[in-house]
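The values are calculated or read from the model by the stated rules, or taken from the named source; none is laboratory data. Not measured: the values here are computed from a predicted model. Note that we place each Cβ from the backbone using ideal geometry, even for glycine, and neighbour counts take in every protein chain shown. These area figures cover heavy atoms from the full protein model, side chains too; ligands, DNA and RNA do not enter into them. Shrake-Rupley method; radii C 1.70, N 1.55, O 1.52, S 1.80 Å.
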Amino acid sequence: MVDISVKNLTKFFVIGENLLDGLSFEIQEGECVAILGRNGCGKTTLFKILTGEMDYDDGEVYINPNKKLGLISQIPYFPEGYTVEDVLRSAYSDITAVKRKMEKLEAAMAAGATEQQLRDYDALSNRFQSGGGYEMDVEVDKICNGLAITPQQRVQEFDSLSGGEKTRVNLGRLLLEKTDILLLDEPTNHLDLRSVEWLESYINAFKGTVLAISHDRYFIDQVADRVIEIFEGRAEFYSGNYTYYMDEKQARFDLQMKQYQQEQAKLKQLGYTVERMKGWGINNRTLYRRAMSIQHRMERIEKTKRPQKEKTMKATFGEKDFSGDVVFKIKNMSKSFDDRTLFSDVNLNVEGGERIALLGDNGTGKSTFIKCLLGEEDFGGKIQFGPTVKWGYLPQIIHFDHPERSLYDTMLYEKNCSPQVARDRLGAFLFQGEDVFKSVGNLSGGEQSRLRLCMLMDEKINLLILDEPTNHLDTASREWVEAAIEEFEGTLLFVSHDRYFIEKFADRVWLLENGGIRDFACGYQKFRSILEHEAAAKPQEVQAPKPKKEKPRGGTKDQDKLVRKLEREIEKQEQVVAEYDPKIEAAAADYQELTRLLAEKEEAETLLMELMEQWESAMS
């Protein structure tokens, strides 16, 4: 059954320039489809058309009339004084109205009930039960836990929340409404890693239809059945997730280029034949007529357009030479706001060339930690930078001192460069033509990030600090930023919820939780594996021992797989433990470094023992 159908959809804002130009696609019931495309290609406009918020100029749009559709891009208006709890409960407005009628009837029947009142109450009770009234509290708690909406937030006024927090609450309300068709516009933008993973599991279990605009490549890989890319106003279809889309897109480009090259070779050969026959046909009308016939045939051949890859930005970070081993040392660092301690007793050393991901739930203090590091916030403790360290910083919220200036003037004033250099640098970041005279304050979030990166990359730095560098960037821009970072040989410290980005760059992870920072000397996948093992081990500590059941010899396939998996993990962890011995020996004269290494080795040995216990349990 078709839930959404779009045929030859056309939408323009400037006459003669169609944003959507004959867009056509169908979404079947139960599908999860990702909508991709550059910023400004018309993705959000398409969603507004599907919800009826915006009209279109031509074509047909069909939404299954028997299905309830919900959109999570805009934040609806709620009455003044509405708390987060009120907003979430508004998803049950119909059921709540039934409950109020039941309570009114209960009061009326207290002195004695008529036969009609009993029938009415029975009908209302059935409606309340079938509508999920008795599960309402459990469902609200489940959604709040999944999206990290705390009990303290639930009593706050909705209007007092930040934009990201409002988006999360609104997403929770939409999920509670039991919507049949979900339209999600960048749903992961304001979610931390834990909430994104919860949302993925929710969507994968969701029985309805999902249409999601997202630049989160890892998220698309986890949830999408197929991909629709909007390119030059039309739809291109890919029957798989993001990884499939990337491979298939490259394969299509290669095939089109091969066809184009073969066609050009054929036309070139025919042209050469025509010229020769024309020369021979000066005194031979038959040959001349044959030459003209071939030329007319060439003109009738439908020429294949040379396939073009999307324009990419071409720039690299300027780098300053780094001498020495230590980039910075943190000693007994702590930060509090009133009665709340974000982190304390933080001791960390960073060496040249390391690539560190700072992770943690929203509100744990990641951005504050970065600001303390850069001297923008007061803190307890000490930070010591190496003498040759020069850092560059891209904040999460981009700010320009003079938003009224154009991009061109901003480059001239802030970078003190010549007009030609300003033009060249902006052009390398795809700010071309009249775009350079736009006011900085009128740029989108992604464009402001691009401009700030343009200015940052000109500086000679050896420590690059990024706070959510891929936020507001489309997929192509994210890939360009990654390509530039890959060429950067200095030290990298970044905060990100983009798991694709984290997995690509992190060789060390700092996890900010419970008022401290845990240091993992490994990449993202290994880090996730450690957390999973810890989570698996926790219930075993509190569970009462179960009576042993007699098991068949040889075990089951699943048990055998588990044993083999644990043996591989044990082998890897033994190697991690062994690698600490030479480091500890080398740091014998450095008390603080020695203390840190011994603590890390103890953690690694504890994890190894847990793995051995799991292995013994599986073998038994």
Debye, to nearest 20: dipole size of segment 211-279, +1 on Lys, Arg Cβ, -1 on Asp, Glu Cβ = 580
message = Using a 1.4 Å probe on the protein heavy atoms, what percent of the accessible area of the chain belongs to carbon and sulfur?
response = 48
inquiry  = Net charge around LYS438, counting only other residues with Cβ within less than 13 Å of its Cβ (Lys, Arg = +1; Asp, Glu = -1)?
reply    = -3
task = Give me the distance between the Cα centres of segment 208-233 and segment 96-152, rounded to whole Å.
result = 38
Alpha-carbon Debye profile of segment 121-173, log10 I(q)/I(0) at 0.21, 0.24, 0.32 Å⁻¹ = -0.77, -0.88, -1.24
ask   = PHE12: net charge of surrounding residues, Cβ under 12 Å, Lys/Arg +1, Asp/Glu -1, itself excluded?
value = -4
key: Cross-link reach list, lysines versus LYS538, counting only Cα pairs under 23 Å and skipping chain neighbours closer than eight places   = LYS142, LYS526, LYS546, LYS548, LYS549, LYS561, LYS565, LYS572, LYS601
query = Does segment 365-446 come out rounded, prolate or oblate, given a ≥ b ≥ c as the square roots of the eigenvalues of its C-alpha gyration tensor, rounded meaning a/c under 1.5 and, failing that, prolate meaning a/b above b/c?
reply = prolate
query = Gap in Å between the Cα centre of segment 474-525 and the Cα centre of segment 346-371?
reply = 10
query = Can you give the helix-only mean residue ellipticity at 222 nm for the chain, where every DSSP H stretch with n ≥ 4 adds -39500 (n - 2.57) and the sum goes over all residues, rounded to the nearest 500 deg cm²/dmol?
reply = -15000 deg cm²/dmol
ask   = So in the chain, what percent of DSSP beta bridges are antiparallel if you round to the nearest 5?
value = 55
query = Within the chain, which DSSP H helices have Cα atoms that stretch 30 Å or more along the helix axis and a mean Kyte-Doolittle hydropathy of at least -0.5?
reply = 591-619
query = When each pair of different Cα atoms in the chain is counted once in the 1/r mean, what is the Kirkwood radius in angstroms, to one decimal?
reply = 29.5
message = At 1.4 Å probe radius, can you tell me the per residue accessible area of the chain in Å²?
response = 55
query = Taking the DSSP beta bridges in segment 402-521 as the whole, what percent of them are antiparallel, to the nearest 5?
reply = 55
ask   = Using only Cα atoms, what Kirkwood radius does segment 482-535 have, in angstroms?
value = 12.3
ask   = Which of the listed residues, PHE343, THR179, LEU407, is farthest toward the dipole's positive end in the chain, when Lys, Arg count +1 and Asp, Glu count -1 at the beta-carbon?
value = LEU407
remark   = Semi-axes (Å, rounded, descending) of the ellipsoid equivalent to segment 33-95 per its C-alpha gyration tensor are 28, 16, 12
